[in-house]
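Below: one structure, written as structure tokens.
The values are calculated or read from the model by the stated rules, or taken from the named source; none is laboratory data. Here the structure is a predicted model, which means the values were calculated and not measured. Neighbour counts run over all protein chains shown; Cβ positions are idealised from the backbone, glycine included.
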Amino acid sequence: MAKQNTAVKNKSISYARWGYIFIIPFFIVYAIFTLYPQILTVYNSFFEYYRDGLTVVGPRFVGLQNYKTLFEPGAAGYVPIFKYLGNTVWLWLLGAVPQFVIAMMLALFFTSTRLNIKGQQFFKSVIYMPNLIMASCFAMLFFSLFSQVGPVNQFLVSSGAISTPINFLGMQVTVQTLIALMNFLMWFGNTTILLMAGIQGIDESMFESARLDGSTSTQVFFNITMPLLMPIFIYVFITSMIGGIQMFDVPQVLTNGKGLPNNTSTTLIMYLNQFLGISKNYGMAGAVSVLLFIVTAILSIFVFRTIRADNK
């Protein structure tokens with residue numbers, strides 16, 4: 001009997017190693033298309049490497065000179081990296097704050113068992129549809145709508161509201177508002193669906209117990225819904241912040257890559273694109289990319305710890 005049991009054990013198949021075999025392709029693809037470019041970007045940030053006409057200068061090791069150049073004031077008298085970082089954060093906040101407020105309200109509305117909203121699948125599809133439109137197409141649409149000869153100005157002039165067309169794309173307030181509005185329209189549906197999924201994952205008996213105890217809707221939200229929803233909320237908030245820091249296509253297309261007016265809508269990625277697409281300065285582009293990665297990591301850690309600490 002002992003020999004038979006030993007034979008059975010020897011013939012048994014260990015499936016543990018197959019899990020590692022199945023994930024090997026992921027690590028290979030990640031190493032080739034993500035890890036290697038990241039390492040190369042950091043490497044290039046320490047070199048002078050750019051194109052001057054038909055002449056390629058470098059690569060020549062310059063140490064931290066590229067990083068030092070980033071923090072030097074430009075011809076306009078300000079440090080470009082700080083101005084563009086401020087623009088990026090401000091544009092993201094303008095769109096993210098109403099995005100999260102509206103998304104949370106809609107998520108609570110659709111998941112309410114008291115209201116028992118019918119046709120939720122239809123509404124989910126409708127609010128998610130703007131997310132399927134390419135950001136560049138959205139920007140082109142708004143560019144056409146709000147140009148001086150666009151339908152918005154034509155309607156305002158013909159209705160007598162204004163006497164001359166408004167230069168929506170030439171004023172800081174209107175340009176930043178349009179960018180924030182586009183980002184809001186594109187992403188509030190995605191945020192709503194994720195928050196709805198998180199709320200629906202909460203045990204309904206907890207809500208029923210709170211109502212039986214006489215808790216108001218506000219008390220239920222702050223004492224039950226929000227604490228239990230916090231993991232999903234942190235994930236959505238951090239991914240939204242990362243996407244906001246990487247904002248590029250909407251302001252790029254809307255302002256024709258110029259960040260009008262006076263670079264008040266120029267973002268960090270637009271600044272990075274100036275080195276990659278115009279001057280071909282790979283050393284400075286690498287320095288901006290590394291700095292962008294550091295800023296994103298610091299903000300993500302700060303937001304994560306702050307929200308988690310407030311939730312405890």
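Brief remarks follow.
- Restricting attention to region 71-82, the residues being surrounded by 11 or more Cβ atoms within 10 Å (Cβ to Cβ) and without any contact (Cβ under 8 Å) to a residue 40 or more places away in the chain number 5.
- Residues being outside any helix (DSSP H, G or I) and under 18 Å from residue 172 (Cα atoms) - total across region 125-158: 2
- Lone qualifier among 248, 188, 207 - being out of contact with any Cys (no Cβ under 6 Å at 6 or more places or on another chain), of a type in the set (Phe, Trp, Tyr) and more than 30 Å from residue 173 (Cα to Cα): 207
- Filter result for residue 68 (in a helix (DSSP H, G or I) and free of Cβ contacts under 8 Å to residues at least 60 places away in the same chain): yes
- Residues in region 297-307 include at least one that is within 15 Å of the chain's Cα centre (by Cα), in contact (Cβ under 8 Å) with a residue 24 or more places away in the chain and buried (at least 16 other Cβ atoms within 10 Å of the Cβ).
- Of all residues in region 249-269, those satisfying the criterion of being of a type outside the set (D, E, K, R), surrounded by fewer than 21 Cβ atoms within 10 Å (Cβ to Cβ) and under 17 Å from residue 142 (Cα atoms) are 253, 256, 257, 260, 261.
- In region 211-233, residue farthest from residue 105 (Cα to Cα) [restricted to those that are of a type outside the set (A, V, I, L, M) and touching a residue at least 40 places away in the same chain (Cβ under 8 Å)]: 227
- Just so you know, in region 199-210 the residues that are among the hydrophobic types (A, V, I, L, M, F, W, C) and either in contact (Cβ under 8 Å) with a residue 24 or more places away in the chain or more than 16 Å from residue 113 (Cβ to Cβ) (or both) include one that is surrounded by the fewest Cβ atoms within 10 Å (Cβ to Cβ), and it is 202.
- Complete set of residues in region 111-139 that are without any contact (Cβ under 8 Å) to a residue 60 or more places away in the chain, loosely packed, with under 15 Cβ neighbours inside 10 Å and over 30 Å from residue 252 (Cα atoms): 112, 114, 115, 116, 117, 118, 119, 120, 121, 122
- Note on region 7-54: among residues that are outside any helix (DSSP H, G or I) and either modelled with pLDDT of 75 or more or surrounded by 10 or more Cβ atoms within 10 Å (Cβ to Cβ) (or both), the one that is nearest to the chain's Cα centre (by Cα) is 45.
- Scan of region 183-206 for residues that are over 30 Å from residue 254 (Cβ atoms) and within 32 Å of the chain's Cα centre (by Cα), ordered by number: 196, 197, 198, 199, 200, 201, 202, 203, 204
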